[in-house]
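Asks: I'd like to ask you about the structure that follows.
The values are calculated or read from the model by the stated rules, or taken from the named source; none is laboratory data. What you are looking at is a predicted structure, and each value in this text was computed from that prediction instead of being measured. All Cβ positions, even for glycine, are placed from backbone atoms using ideal geometry, and neighbour counts span all protein chains on display.
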Amino acid sequence: MLSFKQAFIQRAFLTGLIGIVSVLGDKGLQNGKSEIVRAISDNLTHAIVGGITWTLVLVLSKQSLTENLRRIITCFFMSSLIDVDHFITAQSWDINDATHINHRPFLHCTTIPVLIWIIMYLIYKLFNIPILITYSWMILASFISHHLRDGNRRGLWFWPFGSTQPIPYYLYLSLCMVFPYFIYWIMNWQLTKHTEELLLII
Ligand SMILES: [Zn+2]
């Protein structure tokens, strides 16, 4: 069991790390010598931010990181794989084609993860599968952390309603750092409610 001070330091470290990794990734994106270096640096940043986001959710929820390592790795890869839609839309594996498409590719539409979250929540409610609560948040964590970072350049895209303005730099960094706390609060509330309902049935 961590002391209050240790727990605080661990949370502050991970929160700060999300900001630091994002800033370093943005520098790589601006200063990368070639298209491929910029793309890899940007994609790796998405992956690391996605992984740390779920790590922080686990730390806040007081869950074991080693037992949940697979979920951290899943968020790492999910945050990275979102960019595969650039290649699908360009119908080419050439990085130059993928980074020069003239519209935003479909996995960058924020309506999609929100809809997936709602559908998974409804399936959980209908069929009583509580693990879907965690899985739905893992998907949302991976997508939203990715979309917020991209949103600094292009805004958030809510098809069919349109897009927001680009998210100001420090606002995007703050949102990325606050987002795991938001997930923790809502997810824990849902899980606690589920347990209470179970106890009522018993
Ligand atoms: Zn992207």
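Asks: Contact list please: Cβ distance under 7 Å, first residue in the stretch 37-50 and within 18 Å of THR74 (Cβ to Cβ) and within 12 Å of the ligand (Cβ to nearest atom), second residue among the aromatic types (Phe, Trp, Tyr) and assigned to a helix (DSSP H, G or I), pairs at least six apart or on different chains.
Replies: ALA47/PHE76; ALA47/PHE77; GLY50/PHE76
Asks: Follow-up. Being within 16 Å of the ligand (Cβ to nearest atom), closer than 20 Å to GLN63 by Cβ, surrounded by 15 or more Cβ atoms within 10 Å (Cβ to Cβ) and modelled with pLDDT of 95 or more narrows it down to one residue among ILE139, ILE167; which is it?
Replies: ILE139
Asks: Has the stretch 156-163 got at least one residue that is polar (S, T, N, Q), part of a helix (DSSP H, G or I), closer than 30 Å to GLY25 by Cα and within 16 Å of the ligand (Cβ to nearest atom)?
Replies: Within the stretch 156-163, not a single residue is polar (S, T, N, Q), part of a helix (DSSP H, G or I), closer than 30 Å to GLY25 by Cα and within 16 Å of the ligand (Cβ to nearest atom).
Asks: For ARG104, work out the one condition from (1) outside any loop (DSSP other than H, G, I, E, B); (2) surrounded by fewer than 19 Cβ atoms within 10 Å (Cβ to Cβ); (3) within 16 Å of the ligand (Cβ to nearest atom); (4) touching a residue at least 24 places away in the same chain (Cβ under 8 Å) it doesn't fulfil.
Replies: That leaves (1) as the condition not met.
Asks: Looking for something at pLDDT 95 or above, more than 23 Å from ILE18 (Cα to Cα) and among the hydrophobic types (A, V, I, L, M, F, W, C) - is there at least one such residue anywhere in the stretch 174-190?
Replies: Within the stretch 174-190, one or more residues are at pLDDT 95 or above, more than 23 Å from ILE18 (Cα to Cα) and among the hydrophobic types (A, V, I, L, M, F, W, C).
Asks: Another one. Can you pull out every residue in the stretch 67-101 that is of a type in the set (Val, Ile, Thr), touching a Leu at 6+ places or on another chain (Cβ under 8 Å) and within 15 Å of the ligand (Cβ to nearest atom)?
Replies: Result: ILE82, VAL84.
Asks: For the subset of the stretch 108-136 comprising residues that are of a type in the set (S, T, N, Q), modelled with pLDDT of 95 or more and more than 16 Å from the ligand (Cβ to nearest atom), which member is surrounded by the fewest Cβ atoms within 10 Å (Cβ to Cβ)?
Replies: THR134
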